[in-house]
Amino acid sequence: MGSFCEPSSATLRPVSNRDYGEQDCALARALEAIGERWVLLIIRDAFYGVRNFNDFRMHLDIPKAVLSERLTGLVDEGILRREPDPTHAGRHLYELTQTGRELWPAVHALLSWGSEHRSTNRLAFKHIACGTELTGRGDCPTCQVAPPPDNIMLEPRPGAKSRRQDPVAIALGGPHHLLEPLLPRAAPPAD
Ligand SMILES: [Zn+2]
């Protein structure tokens with residue numbers, strides 16, 4: 001139907017130069033799981049509620065084979081869970097596992113650093129319970145807690161416009177709760 005196919009990734013896992021075998025530090029182990037190009041952007045989109053292959057692909061402009069390899073790697077690392085897409089036979093949906101959700105403070109810290117030192121993030125993150133914008137450290141100054149991602153909403157800053165016009169970017173043009181599906185799809189009509 002004109003949409004993209006999800007290629008098999010069985011032969012795409014690299015022998016990989018991503019390991020830091022001689023580095024005796026947990027940061028090296030973390031980077032082996034999430035240090036490859038695109039991976040943190042895929043994880044960011046998963047926090048935003050992107051769940052299907054084509055939505056990741058269209059939002060990231062990432063080659064299909066690379067996306068497939070990265071998604072498989074994240075599933076193997078226990079960061080994403082893959083399940084059949086009930087609306088499309090042969091396709092899958094991806095969502096963060098609890099282990100993956102625990103990356104939120106790291107993702108938020110990098111977003112905040114980029115916003116502070118590179119270019120202002122067009123999205124603000126707010127504590128759902130009270131509506132207060134989180135600090136760069138990820139805590140709510142009103143409630144004095146660091147809310148977990150399922151108690152955080154994102155909201156475009158006033159006047160901030162996305163330069164992108166893909167479905168994910170358009171859906172992020174309004175308030176949205178983290179982890180909730182961003183582009184839920186109905187089952188295709190029967191022939
Ligand atoms: Zn609060």
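The values are calculated or read from the model by the stated rules, or taken from the named source; none is laboratory data. Computed from a predicted model, the values in this text were never measured in an experiment. Quick reminder, even Gly has a Cβ in these numbers, built from the backbone with ideal geometry, and neighbours come from all protein chains shown.
For every residue, the table says whether it meets (1) surrounded by 16 or more Cβ atoms within 10 Å (Cβ to Cβ); (2) among the basic types (K, R).
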position: R70; (1), (2): yes, yes
position: R82; (1), (2): no, yes
position: P86; (1), (2): no, no
position: R101; (1), (2): yes, yes
position: P105; (1), (2): no, no
position: A109; (1), (2): no, no
position: W113; (1), (2): no, no
position: H117; (1), (2): no, no
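Taking the condition of being among the basic types (K, R) and modelled with pLDDT under 95, how many residues in the stretch 88-136 meet it?
Counting residues in the stretch 88-136 that are among the basic types (K, R) and modelled with pLDDT under 95 gives 2.
Scanning the stretch 78-118 for residues that are without any contact (Cβ under 8 Å) to a residue 24 or more places away in the chain, under 17 Å from the mean Cα position of the chain (by Cα) and over 24 Å from D139 (Cα atoms) yields G78, R81, R82, E83. Of the residues contained in the stretch 155-173, none is found to be farther than 22 Å from I43 by Cα and at pLDDT 95 or above.
Taking A89, is it of a type in the set (G, A, S), farther than 19 Å from G35 by Cβ and not assigned by TED's automatic domain parsing to the domain that holds A146? Quick ask: steps written out before the conclusion?
Details: of a type in the set (G, A, S): yes; farther than 19 Å from G35 by Cβ: yes; not assigned by TED's automatic domain parsing to the domain that holds A146: yes.
Considered against the rule, which asks whether it is of a type in the set (G, A, S), farther than 19 Å from G35 by Cβ and not assigned by TED's automatic domain parsing to the domain that holds A146, A89 comes out as yes.
Checked against (1) at pLDDT below 95; (2) in contact with a helix residue (DSSP H, G or I) (Cβ under 8 Å, 6 or more places away or on another chain), Q23 meets all criteria but (2). Each residue in the stretch 134-160 was checked for being without any contact (Cβ under 8 Å) to a residue 12 or more places away in the chain and either within 16 Å of the chain's Cα centre (by Cα) or closer than 13 Å to P175 by Cα (or both), and 1 of them qualify.
Do the conditions hold for G49, that is, is it crowded, with 20+ Cβ neighbours inside 10 Å, at positive phi and within 14 Å of the chain's Cα centre (by Cα)?
Yes, satisfied.
Could you check how many residues of the stretch 93-108 are closer than 17 Å to L134 by Cα and aliphatic (A, V, I, L, M)? Going through the stretch 93-108 one residue at a time, the tally reaches 3. Within the stretch 128-166, the residues that satisfy the criterion of being within 8 Å of the ligand (Cβ to nearest atom) and outside any loop (DSSP other than H, G, I, E, B) are C140, V145. So how many residues does the stretch 170-181 have that are more than 23 Å from A109 (Cβ to Cβ) and either within 16 Å of the ligand (Cβ to nearest atom) or surrounded by 12 or more Cβ atoms within 10 Å (Cβ to Cβ) (or both)? Adding up the residues that qualify gives 4.
Looking across the stretch 42-56, the residues that are touching a Leu at 6+ places or on another chain (Cβ under 9 Å) and assigned to a helix (DSSP H, G or I) come down to I42, I43, R44, D45, A46, F47, Y48, F53, D55, F56.
In this structure, A109 does not qualify as more than 16 Å from the ligand (Cβ to nearest atom), farther than 21 Å from G35 by Cα and among the small types (G, A, S).
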